[in-house]
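Every read-out reported here was derived from the displayed coordinates using simple, explicitly stated rules and does not represent laboratory data. Here the structure is a predicted model, which is why all the values come from computation and not from measurement. Every residue, glycine as well, gets a Cβ built from its backbone with ideal geometry; the counts of neighbours run over all protein chains shown.
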Amino acid sequence: MKASDIPNLITAFRFLLVPPVVLALLNERLGTALILFFIAGFSDALDGYLAKRNNWSSRLGALMDPLADKLLLVSCFVSLGWLGWIPVWLVALVVLRDLVIVGGAIVFHMRVERLEAAPSIISKLNTFAQILLVLAVIISHGVYELPVLWLDLLVYSVLATTLWSGLDYVLTWSRLAWSKRDAH
């Protein structure tokens with residue numbers, strides 16, 4: 001093992017955190033879920049910091065890191081939807097958006113050219129809104145009941161950014177694919 005493998009090992013650790021987070025949520029051990037979610041968030045920040053600071057970025061890490069993030073968030077959304085704490089329609093929309101993006105990325109990579117994943121600003125905003133909603137719901141059910149207005153605001157923020165970012169990815173990649181096709 002080389003020092004440059006550390007960010008990828010931290011990302012692999014984040015994949016391993018998904019089942020315990022889900023089990024904690026489903027068993028309504030919300031303090032445990034919150035701690036594990038924060039550890040996952042810290043590990044995400046740490047692996048990114050180490051990769052950038054030490055020039056340890058890799059193609060594998062660039063693919064694994066967003067997958068680990070998505071797996072954690074989608075698993076939390078599905079779990080919270082299962083518990084009835086967030087609307088099932090929102091869970092379905094978040095999952096559908098991610099399936100469209102992953103499917104589009106695979107098709108683009110196989111039919112157009114090697115894909116270089118670069119999240120857009122709206123996609124980063126969507127991820128941030130999703131994280132805030134997960135945290136707010138866990139906190140509201142386990143620590144301190146937040147006003148319904150705040151939770152509704154977060155639900156509709158996730159709705160808006162999910163639709164916007166999904167449409168943005170589809171349009172951006174479609175334009176890029178058409179321009180590559182027309183160039184040949």
Q: Could you pull out every whole DSSP H run in the chain that spans at least 15 Å of Cα extent along its own axis and averages 1.6 or higher on the Kyte-Doolittle scale?
A: 6-26, 88-111, 121-142
Q: Could I have the simple spin-label model distance between Leu176 and Ser120, label points 7 Å from Cα toward Cβ, reported in nm to one decimal?
A: 1.1 nm
Q. Assigning unit charges at the beta carbon (Lys, Arg +1; Asp, Glu -1) and nothing else, what dipole magnitude in debye, to the nearest 20, does the chain show about its Cα centre?
A. 540 debye
Q) Tell me, what does the Kirkwood hydrodynamic radius of region 1-109 come to in angstroms if you use every pair of distinct C-alpha atoms? A) 15.0 Å
Q | Long-range amide H partners of Ile86 with built H, under 5 Å | A | Gly81
Q. Can you give the translational diffusion coefficient of the chain in µm²/s, computed by Stokes-Einstein from the Kirkwood radius over Cα pairs at 37 °C and 0.692 mPa s?
A. 187 µm²/s
Q | Under-23-angstrom lysine pairs by C-alpha in the chain, whenever the two are 8 or more apart or on separate chains | A | 4
Q: Per DSSP H run of at least 4 residues, take -39500 (n - 2.57); add these up for the chain, divide by its residues and hand me the 222 nm value, nearest 500 deg cm²/dmol.
A: -29000 deg cm²/dmol
Q.
Please compute the length gained on full extension between Tyr144 and His109, using 0.36 nm multiplied by the number of residues separating them and subtracting their Cα-Cα distance.
A. 8.1 nm
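Please list 152-164, 65-77 highest first by mean number of surrounding beta-carbon atoms within 10 Å per residue.
Numbers: 152-164: 16.8, 65-77: 19.8.
Averaged packing, sorted descending, gives the order 65-77, 152-164.
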